[in-house]
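Each reported figure results from applying straightforward, stated rules to the coordinates on display, with no laboratory input. Since the structure is predicted, the reported quantities are computational estimates derived from the model, not experimental observations. When we count neighbours, we look across all protein chains shown, and the Cβ atoms used for this are built from the backbone with ideal geometry, even at glycine.
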Amino acid sequence: MPVARVRSASGEVFWAAIAQERAVPLRSLDGGELSLVELLREDSLVKAVDRRKTEASFDLAECTLLAPIDRQEVWAAGVTYKRSKTARMEESDAAASCYDKVYEAPRPEIFFKATPHRVSGPLAPLRIRSDATWNVPEPELALVISPDFRIVGYTIGNDMSSRDIEGENPLYLPQAKVYDQCCGLGPWIVPAEEIADPKSLGIRLTIERLGQTAFSGETSVAQMARELPDLAAWLCRENSFPDGTFLLTGTGVVPDSSFTLQTGDVVRIEIDGIGELSNRVVQATV
Ligand code: DO4
Ligand code: MG
């Protein structure tokens with residue numbers, strides 16, 4: 001049963017279990033406000049949710065789904081699919097060999113992606129930088145990791161990226177990746193116990209522009225050159241996450257080099273067994 005962050009029609013924000021088009025609010029067992037980490041600390045996310053269900057329920061159609069995050073950091077892995085390696089070697093004269101090497105190396109590329117206030121949930125705007133000319137979405141399976149480093153759930157991530165900034169100099173990566181509204185997450189968290197084989201999940205990206213499909217592409221987690229537990233273990237080396245954390249696992253879909261996002265584009269990412277995350281693209285003016 002998915003776990004979502006929900007805003008009701010009257011403006012109340014809460015964690016909820018989603019079933020049969022209804023949102024069932026969850027309560028903390030200590031009587032205070034429920035935070036995601038209380039659920040992540042338990043051995044079973046499914047049982048943690050069951051134990052906290054209230055009697056109330058809201059029609060999902062009258063609620064807004066928010067990004068399923070409260071206090072966590074979002075991290076991301078890169079160059080985990082061959083398509084990402086190839087696209088990045090094309091965009092960067094200076095650093096082509098870095099991408100080639102990291103694709104093969106035991107240690108993966110892992111970078112900091114977002115704090116909660118930089119994350120957009122379903123149907124909320126995602127931003128392209130006003131100082132970038134070549135921008136793409138990156139559809140990625142996102143791991144939800146507990147404070148004791150277990151993969152307890154999955155959601156969909158969009159690792160928005162400015163290819164011209166990253167391509168100019170790899171040291172600009174944080175600016176290509178981290179800015180306001182740079183990361184999509186949602187629509188909810190699916191417990192890991194409910195996904196028998198995450199490697200088999202298909203990932204599809206569609207970009208609509210003025211009512212037409214401007215780009216579509218797909219991949220499968222099976223195409224990833226690394227194992228999910230291995231990525232999580234590298235992130236958690238010498239690192240602590242008192243509230244748990246999210247880890248985007250890299251993109252296997254990159255549009256051709258002639259493509260860049262425009263204001264008004266709608267980016268839709270679907271992952272089997274999880275659902276769909278759609279966001280409209282905006283660009284701030286300087
Ligand atoms: O090397 C830069 C970032 C790579 C990335 O975000 C990806 O492969 O998804
Ligand atoms: Mg990425």
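For GLN20 and ARG209, what is the calculated FRET efficiency with R₀ set at 45 Å and r taken between the beta-carbons, to the nearest 0.05? Working shown, then result.
Values: r = 35 Å, r/R0 = 0.77.
So, using R0 = 45 Å, E works out to roughly 0.85.
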Using only the Cα atoms, work out Rg/Rh for the chain, with Rh taken as the Kirkwood radius, to two decimals. 0.96
Binning at 10 angstrom from zero up to the longest distance, how are the C-alpha pair distances of the stretch 160-286 distributed in percent? 10, 35, 39, 15, 1
Extending each Cα 7 Å along its Cβ direction at ALA284 and GLU55, get the distance between those two points in nm, one decimal. 4.6
Between the stretch 162-190 and the stretch 95-146, what is the separation of their alpha carbon centroids in Å? 4
Where the eigenvalues come from the Cα gyration tensor of the stretch 188-258, what are the semi-axes √(5λ) of the equivalent ellipsoid, largest first, in whole Å? 28, 15, 14
Starting with the highest mean, order 194-206, 150-162 by the number of other Cβ atoms within 10 Å, averaged over the residues of each peptide. 150-162, 194-206
Looking at the calculated P(r) for the stretch 134-206, what percent of the C-alpha pair distances fall above 15 Å? 62
Mind computing the radius of gyration and Dmax over the alpha-carbon atoms of the stretch 1-103? Å is fine for both. 19.9, 59
Student exercise, the chain dipole from Lys, Arg, Asp, Glu Cβ charges, in Debye to nearest 20: 120
Taking the Kirkwood radius as the inverse of the mean 1/r across Cα pairs, report the Rg/Rh of the stretch 38-94. 1.23
